[in-house]
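K.L.:
Below is a structure I'd like to ask you about.
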Amino acid sequence: MKRDEYNRFRDKAIEMFEKANIILTIEEKDNIEVADFGLNKVEETGLQLITYVNTELVCAKELVLLPNQTCPEHKHPKRAFDDGKEETFRCRYGKVYLYVEGEETKERATQPPSDDREYYTVFNEITLTPGEQYTIYPNTLHWFKAGDEGAVVSEFSTKSTDEEDIFTDPRINRIPEVE
């Protein structure tokens, strides 16, 4: 991803945080990560986030999904030190559609990105609006997508090791590369 595009999406994330009344320091704003997952279509498949803390035991992040933006299907596998990351998502602004393993929701509110449907396999829909939360247990396939106004989601979890996440789409590179 080019630096100017990265900065543009970081600025959009800051606007979303402001809509959600989430106050960030200047340093936190500068450290917002823009993940395009190596697919170079961040507006459709991407995620903007800030990590507040990530210790050996706990992690706290804020996630921004722009309108109709999707974070692709993945899971947090067993690691040498635990059974995998457990995370709770709490919606702060907008609406987020979370898809997890389980019985398929037949009439879903949204769909995966049309060009990449083959890489989405779980369709049990959980809808989160501000104040609602859901816990995803280790090694559970999941993906999520914002509604029309975008979404801000707080994530509380065990230690995060994003580089170890397993994505259904083999083309994905979780760690952003900025030129």
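The values are calculated or read from the model by the stated rules, or taken from the named source; none is laboratory data. Predicted model only: the values in this text are computed from it and were never measured. Here Cβ is always computed from backbone atoms with ideal geometry, including for glycine, and neighbour counts include all displayed protein chains. Quick note on the areas: whole protein, heavy atoms, side chains included, nothing else; ligands and nucleic acids left out. Shrake-Rupley method; radii C 1.70, N 1.55, O 1.52, S 1.80 Å.
K.L.:
Would you pick out the residues in the stretch 36-60 that are crowded, with 19+ Cβ neighbours inside 10 Å and closer than 16 Å to residue 85 by Cβ?
P.N.:
Within the stretch 36-60, 47, 49, 59 meet the criteria.
K.L.:
Evaluate the following for residue 68: is it open to solvent by 50 Å² or more (accessible area, probe 1.4 Å) and in contact with an Asp or Glu (Cβ under 7 Å, 6 or more places away or on another chain)?
P.N.:
Yes: the conditions hold for residue 68.
K.L.:
Also, quick follow-up: When you scan the stretch 63-84, do you find a residue that is without any contact (Cβ under 8 Å) to a residue 60 or more places away in the chain and on the phi > 0 side of the Ramachandran plot, even just one?
P.N.:
yes
K.L.:
Scan 93, 137 and give me the residue that is touching a helix residue (DSSP H, G or I) at 6+ places or on another chain (Cβ under 8 Å), at pLDDT 95 or above and of a type in the set (Phe, Trp, Tyr).
P.N.:
93
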